[in-house]
Amino acid sequence: MSRVKYGAKPIMLPQPVLIIGTYDENGVPNAMNAAWGITTDFKEITISLSEHKTTDNFKIRKAFTVSMATEDYVVACDYVGIESGRNVPDKFAKAGFHATKSEFVDAPLIDELPMALECKVKSFEDGILIGEIVNVSADESVVTDGKIDLKKLKPIAFDPCNNVAWGRSQYDILIMRKEEKL
Ligand SMILES: Cc1cc2nc3c(=O)[nH]c(=O)nc-3n(C[C@H](O)[C@H](O)[C@H](O)COP(=O)(O)O)c2cc1C
């Protein structure tokens, strides 16, 4: 085998596209895009974050939601990753998103994104957010036989090699799984 060497790079494949939802001190919702996140225990999520409007918000509210970005809302999910709520106070609305407060934590669910983790902040140190997953919720439209159905949810994946997000229609691994009926 002849391996191409890329050096030290933050590459993991596939990588999620997570949309973090928060409220500011006035109850205005905000959303941002994060690819550097992963579950790290049964009730724990860890996300690598620079300072953003989102971090300002969850330091106050001690809570956030993590929605899966979907093919149906890829443009809005991209927008919240390139614009800051620090510069555009109505960024959430501009993205075309609508908020419903989580029953479990002091953070907004995004009506347009059907599946989300609802989390309390455990810690945020050295750019590493650790959250306690208090609840996971999914709209009935993406549930089959009581289980979250990836084919209905249509989550997208971030490709750090090419800096693009891929949907199911172009995403070979999911297409293979679909054909194998896993
Ligand atoms: C695909 C994608 C992935 C991103 N992943 C991260 C990430 O993991 N951590 C981070 O700090 N910023 C990440 N960003 C950048 C933030 O989403 C961006 O700075 C955003 O404007 C912050 O919004 P806010 O200031 O309203 O919270 C990502 C952006 C994109 C487009």
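Note the full-extension length gain between Ser2 and Ser50 as 0.36 nm times their separation in residues minus their Cα-Cα distance, in nm to one decimal.
Result: 13.7 nm gained on full extension.
Full extension from Val136 to Asp149: what is 0.36 nm times the residue separation minus their Cα-Cα distance, to one decimal in nm?
In short, 3.3 nm is gained.
Treat each spin label as a single point 7 Å out from the Cα along the C-beta direction, and report the Lys9 to Phe42 distance in nm.
Here the modelled spin labels are 3.8 nm apart.
Using helices alone, what [θ] at 222 nm do you get for the chain, with -39,500 (n - 2.57) per DSSP H run of 4 or more residues, divided over all residues and rounded to the nearest 500?
Roughly -5000 deg cm²/dmol at 222 nm, from the helical runs in the chain.
May I ask you to order 2-9, 23-30, 40-47 by the average number of other C-beta atoms within 10 Å around their residues, highest value first? Could you put the intermediate results ahead of the total?
Values: 2-9: 5.1, 23-30: 17.2, 40-47: 14.5.
So the order, starting with the most tightly packed, is 23-30, 40-47, 2-9.
Mind ordering 11-20, 87-96 by average Cβ neighbours within 10 Å, highest first?
Details: 11-20: 18.6, 87-96: 15.3.
Final packing ranking: 11-20, 87-96.
Which pairs, out of Lys122/Lys154; Lys43/Lys147; Lys43/Lys101; Lys101/Lys122; Lys59/Lys101; Lys91/Lys147, put more than 24 Å between their alpha-carbon atoms?
Violating the 24 Å Cα-Cα cut-off are Lys122/Lys154; Lys91/Lys147.
What is the packing order of peptides 32-39, 130-137, 63-70, taking the mean over residues of other C-beta atoms within 10 Å and listing the highest first?
63-70, 32-39, 130-137
Under a plain spin-label model, where a point goes 7 Å from the Cα along Cα-to-Cβ, how far apart in nm are Val164 and Lys59?
3.7 nm
Assuming a ≥ b ≥ c are the square roots of the Cα gyration tensor eigenvalues, decide whether region 86-169 counts as rounded (a/c under 1.5), prolate (otherwise, with a/b larger than b/c) or oblate.
Verdict is rounded for region 86-169.
Along Cα→Cβ, 7 Å out, is where each label goes; now give me the distance between the ones at Lys94 and Ile128 in nm to one decimal.
With each label placed 7 Å out from Cα toward Cβ, I get 3.4 nm.
Since every read-out is calculated from the coordinates, none of them should be taken as a lab result. Note that this is a predicted model, so its numbers are computed, not measured. Cβ sites come from the backbone with ideal geometry, for glycine too, and all protein chains shown count toward neighbours.
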